[in-house]
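Everything below concerns the one structure shown next.
Just so it is clear, none of the values below were taken in a lab; they were calculated from the coordinates. This is a predicted model, so every value here is computed, not measured. When we count neighbours, we look across all protein chains shown, and the Cβ atoms used for this are built from the backbone with ideal geometry, even at glycine.
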Amino acid sequence: MLVVVVGVPGVGSTTVTNKAVEKLREEGINYKIVNFGTVMLEIAKEEGLVENRDQLRKLPPEKQKEIQRLAGKRIAEMAKEEDIIVDTHSTIKTPKGYLPGLPIWVLEELKPDIIVLVEADSNEVLMRRLKDETRQRDFESTEDIDEHLFMNRAAAITYAVLTGATVKIIKNRDDLLDKAVEEMVKVLKG
């Protein structure tokens with residue numbers, strides 16, 4: 001099984017995923033969580049192209065695309081041996097517009113079974129971002145966050161059309177993390 005989990009920054013998709021995987025391990029069900037960006041970085045380092053993650057964005061676009069494809073292929077190979085959850089972004093907000101997190105050349109390699117979109121109200125996301133002192137994010141209004149949430153939904157269903165994957169939306173509301181985790185557990189049990 002290969003599951004892709006996405007969400008806007010600050011929505012808590014990584015937290016929900018990690019807690020769901022912990023619960024599943026207690027039941028003897030094991031998933032390996034793989035961060036797509038980390039796999040890209042490993043490949044670029046192996047090729048001697050970068051030393052850190054920030055340098056990835058500065059590579060020529062064609063090289064970035066090739067590294068993306070290779071990362072998708074590497075993760076798909078992992079999924080032949082064990083169940084994988086890919087932690088990534090559905091879309092990346094850039095100064096020039098939204099960039100697909102899973103372009104066709106990645107989807108063709110990954111062939112996900114399920115795409116899980118973790119969401120929350122834009123006010124909740126904004127407050128989480130403001131409280132998170134471990135990150136330095138650009139300020140976005142609730143309208144900006146709503147737009148990004150919409151773009152993630154549009155991208156997720158597009159990815160599903162291209163791959164035949166299902167799309168599951170899980171709400172990660174404030175003070176209801178356990179509910180979101182239980183919903184993720186049900187999805188991952190299949």
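Here are the numbers for this structure:
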quantity	calculated
Volume in Å³ per residue [convex hull over Cα atoms, computed for segment 4-96]	109 Å³
Whole-angstrom Cα spans of segment 60-178 along principal axes, big to small	38, 37, 28
Range in the chain, longest, excluding exposed trypsin sites (Lys or Arg not before Pro) [loop by DSSP; at most 10 other beta-carbon atoms within 10 Å]	1-79
Long-range amide H partners of Val116 with built H, under 5 Å	Val4, Val5, Val6, Lys168
At most 12 other Cβ within 10 Å, DSSP loop - GluC sites (Glu not before Pro), segment 2-34	Glu27
Computed [θ] at 222 nm, helices only, for the chain once each DSSP H run of length n ≥ 4 contributes -39500 (n - 2.57)	-16000 deg cm²/dmol
Relative contact order %, segment 76-150, counting alpha carbon pairs below 8 Å whose residues are six or more apart	24 percent
Helix runs (DSSP H) in the chain reaching 15 Å along axis by Cα, Kyte-Doolittle at least 0.0	36-46, 142-163, 177-189
Chymotrypsin sites (Phe, Trp or Tyr not before Pro) lying in DSSP loop within segment 81-190, provided at most 16 other Cβ fall within 10 Å	Phe139
Kirkwood hydrodynamic radius of segment 2-51, Cα pairs, Å	12.8 Å
Stokes-Einstein translational diffusion, segment 90-155 - Kirkwood Rh over all Cα pairs, 1.306 mPa s, 10 °C, in µm²/s	118 µm²/s
